[in-house]
Amino acid sequence: MKKRERARKDGNVVFFPNLEKRLFEKGLDFIQKKQFREALPYFEEAKEHDPENSDIWFALVLAYYESGAYEKAKEYTEEMLRVGIGEYFQTVDMLIMVLVQLQEYNRVVHTIEVLLEEHEVPVEKYEHFKRLLDFSRRMVDAVEEEQPIEPEYEKEIRRVAPQSLNLFDPKDERELLLQVANLAHQNIQPVLEEIRSYLQSSVGQPFIKTMLLHVLKEHQYHEQVTVTKLSSSMEVTPKELYDLRDHQQKIDASKILAEQLEQENPTLLEQAVSLIDRHLFILYPFHYPTSDMRTLAAAYHILVLMFFAQDYSIEEMSDVYQSSEQEIETLLRYIQEIEEFSYPII
């Protein structure tokens with residue numbers, strides 16, 4: 001971020017009027033460009049100047065949410081409810097979306113049940129929350145250990161399985177994401193060809209494609225499918241796909257970053273590793289186009305410095321990570337292109 005607009009008088013800092021408004025508008029500019037991480041420092045600073053402005057809080061939660069920082073989004077949403085910032089139901093709605101993303105389904109169930117019992121849900125939102133409640137209850141049941149799915153439940157799952165996902169023309173992106181997440185526990189035969197076509201298509205949301213690949217992997221799908229992302233295509237067998245947690249490039253790059261940042265700046269390290277997780281999810285099942293993990297670590301170190309509006313020098317990073325300046329610049333441009341893809345809001 002640029003230095004704060006300010007003037008100095010007798011050694012004291014005097015902030016220009018309406019600074020929080022200018023900061024907020026600057027953050028919104030980044031939001032409109034889907035540059036959510038770049039928006040964060042502007043919203044954070046705006047909140048410092050106007051801590052009771054609900055618009056700033058909502059924008060901040062949105063930016064953290066779209067940046068993949070769901071725990072931070074949850075923390076801020078809970079603080080809004082605790083202090084009473086913003087319209088109550090809208091804040092609860094945001095909290096539930098975050099909880100779904102964090103897979104905290106027990107809490108989603110409890111929250112929605114309380115809302116329904118207290119008749120807090122507006123009429124136009126009732127069906128939406130009923131579907132979310134049903135979905136969350138099924139997810140809670142499905143992950144219960146030593147509790148197999150009952151035949152009656154399996155029939156119900158199959159009964160509600162969609163005949164089409166409308167992947168190429170979704171009418172409601174939230175509903176689509178819930179349907180895709182639910183496919184792990186449903187009969188996917190009615191939508192299998194639609195999934196294959198979407199994965200192969202040069203259009204489509206990379207995030208959704210990754211979710212669909214995980215669905216096929218969950219179903220032990222053993223036939224080859226073509227996946228197209230970021231102008232690249234490859235054939236994979238979903239059953240044999242790797243687990244993202246075991247991605248060697250992530251493990252190696254994170255270790256190198258830790259050597260540089262763990263003691264010096266653990267916050268930057270956390271953000272860099274979070275970005276790697278996010279980008280690998282978008283790339284999946286592709287890999288970074290490099291075998292030099294020191295160069296990859298250098299590129300992410302620079303990227304997080306950019307996000308926090310801190311000074312950086314590619315020449316200096318080249319020395320620190322013992323990698324080529326040109327290769328760092330090339331890889332930095334590549335991961336910035338990945339960053340253009342945001343997680344859709346559930």
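The values are calculated or read from the model by the stated rules, or taken from the named source; none is laboratory data. Note that the coordinates shown come from a computational prediction; the quantities given were computed from them, not determined experimentally. Glycine gets a Cβ as well: all are built from the backbone with ideal geometry, and neighbour counts include every protein chain shown. Quick note on the areas: whole protein, heavy atoms, side chains included, nothing else; ligands and nucleic acids left out. Shrake-Rupley method; radii C 1.70, N 1.55, O 1.52, S 1.80 Å.
Can you name the residue in segment 102-135 that is among the charged types (D, E, K, R) and within 21 Å of the chain's Cα centre (by Cα) and, of all such residues, is most open to solvent (accessible area, probe 1.4 Å)? First the steps, then the outcome.
Just the residues of segment 102-135 that are among the charged types (D, E, K, R), to begin with: 104, 107, 113, 117-118, 120, 124-125, 127, 130-131, 134.
Then keep just the ones that are within 21 Å of the chain's Cα centre (by Cα); that gives 104, 107.
Working: Glu104: 52, Arg107: 85 Å².
Looking at the filtered set, the residue picked out is Arg107.
Here's a check for you: in segment 325-346, which residue that is crowded, with 16+ Cβ neighbours inside 10 Å and not in a helix (DSSP H, G or I) is modelled with the highest pLDDT?
Here the residue is Phe341.
If Asp277 passes every condition in (1) touching a residue at least 60 places away in the same chain (Cβ under 8 Å); (2) open to solvent by less than 10 Å² (accessible area, probe 1.4 Å) but one, which one does it miss?
Answer for Asp277: the failing condition is (2).
Scan segment 271-281 and give yes if some residue there is over 14 Å from Tyr334 (Cα atoms), over 21 Å from the mean Cα position of the chain (by Cα) and β-branched (Val, Ile, Thr), otherwise no.
Within segment 271-281 (the criterion being over 14 Å from Tyr334 (Cα atoms), over 21 Å from the mean Cα position of the chain (by Cα) and β-branched (Val, Ile, Thr)), the answer is no, since none of the residues qualifies.
With the requirement that a residue be over 22 Å from Lys47 (Cα atoms) and either part of a helix (DSSP H, G or I) or at pLDDT below 85 (or both), what does segment 91-110 give you?
Selection gives Ile96, Met97, Leu99, Val100, Gln101, Gln103, Tyr105, Asn106, Arg107, Val108, Val109, His110.
How many of the residues making up segment 249-290 are in a loop (DSSP other than H, G, I, E, B) and within 20 Å of Gln205 (Cα to Cα)? Quick ask: steps written out before the conclusion?
Taking segment 249-290 as the starting set, the residues that turn out to be in a loop (DSSP other than H, G, I, E, B) are 262-265, 284-290.
Pick out the ones that are also within 20 Å of Gln205 (Cα to Cα) and you get 284-288.
Total satisfying the criteria: 5.
Take Glu113 and tell me if it is of a type in the set (Asp, Glu) and outside any loop (DSSP other than H, G, I, E, B). Before the answer, list the steps.
Values: of a type in the set (Asp, Glu): yes; outside any loop (DSSP other than H, G, I, E, B): yes.
Yes, satisfied.
Going through segment 242-267 one residue at a time, which ones are touching a residue at least 60 places away in the same chain (Cβ under 8 Å) and in contact with a helix residue (DSSP H, G or I) (Cβ under 6 Å, 6 or more places away or on another chain)?
Taking segment 242-267 as the starting set, the residues that turn out to be touching a residue at least 60 places away in the same chain (Cβ under 8 Å) are 256, 260.
Answer for segment 242-267, where residues must be touching a residue at least 60 places away in the same chain (Cβ under 8 Å) and in contact with a helix residue (DSSP H, G or I) (Cβ under 6 Å, 6 or more places away or on another chain): just Ile256.
Among (1) open to solvent by less than 30 Å² (accessible area, probe 1.4 Å); (2) in contact with a Phe, Trp or Tyr (Cβ under 8 Å, 6 or more places away or on another chain); (3) of a type in the set (D, E, K, R), where does Lys72 come up short?
(1)
Taking segment 60-90, which residues are farther than 20 Å from Leu275 by Cα and either aliphatic (A, V, I, L, M) or outside any helix (DSSP H, G or I) (or both)?
Selection gives Met80, Leu81, Val83, Gly84, Ile85, Gly86, Glu87.
What number of residues in segment 221-241 are in contact with a strand residue (DSSP E or B) (Cβ under 7 Å, 6 or more places away or on another chain) and touching a residue at least 60 places away in the same chain (Cβ under 8 Å)? Quick ask: steps written out before the conclusion?
Here is the first cut: in segment 221-241, the ones in contact with a strand residue (DSSP E or B) (Cβ under 7 Å, 6 or more places away or on another chain) are 224-227, 233-236, 238.
Retained after the next criterion (residues that are touching a residue at least 60 places away in the same chain (Cβ under 8 Å)): none.
Residues in segment 221-241 being in contact with a strand residue (DSSP E or B) (Cβ under 7 Å, 6 or more places away or on another chain) and touching a residue at least 60 places away in the same chain (Cβ under 8 Å): 0 in total.
Taking the condition of being loosely packed, with under 14 Cβ neighbours inside 10 Å and part of a strand (DSSP E or B), how many residues in segment 185-236 meet it?
Result for segment 185-236: 5.
Among the residues of segment 149-180, what is the count of those that are among the small types (Gly, Ala, Ser) and at pLDDT 75 or above? Talk me through it step by step, then tell me what you get.
First, the residues of segment 149-180 that are among the small types (Gly, Ala, Ser): 161, 164.
Then drop every residue that is not at pLDDT 75 or above, which leaves 164.
Total satisfying the criteria: 1.
Could you give every pair whose Cβ atoms fall below 9 Å, whose first residue belongs to segment 317-343 and is under 30 Å from Lys209 (Cα atoms) and β-branched (Val, Ile, Thr), and whose second residue is open to solvent by 50 Å² or more (accessible area, probe 1.4 Å) and part of a loop (DSSP other than H, G, I, E, B), counting only separations of at least 6 or pairs across chains?
Filtered contacts from segment 317-343: Thr330/Pro289; Ile338/Leu230.
From Glu79, Glu66, Glu48, Glu38, which residue is open to solvent by 20 Å² or more (accessible area, probe 1.4 Å) and within 19 Å of Ile282 (Cβ to Cβ)?
On the way: Glu79 fails: within 19 Å of Ile282 (Cβ to Cβ); Glu66 fails: open to solvent by 20 Å² or more (accessible area, probe 1.4 Å); Glu48 fails: within 19 Å of Ile282 (Cβ to Cβ).
Of the residues listed, the single one that is open to solvent by 20 Å² or more (accessible area, probe 1.4 Å) and within 19 Å of Ile282 (Cβ to Cβ) is Glu38.
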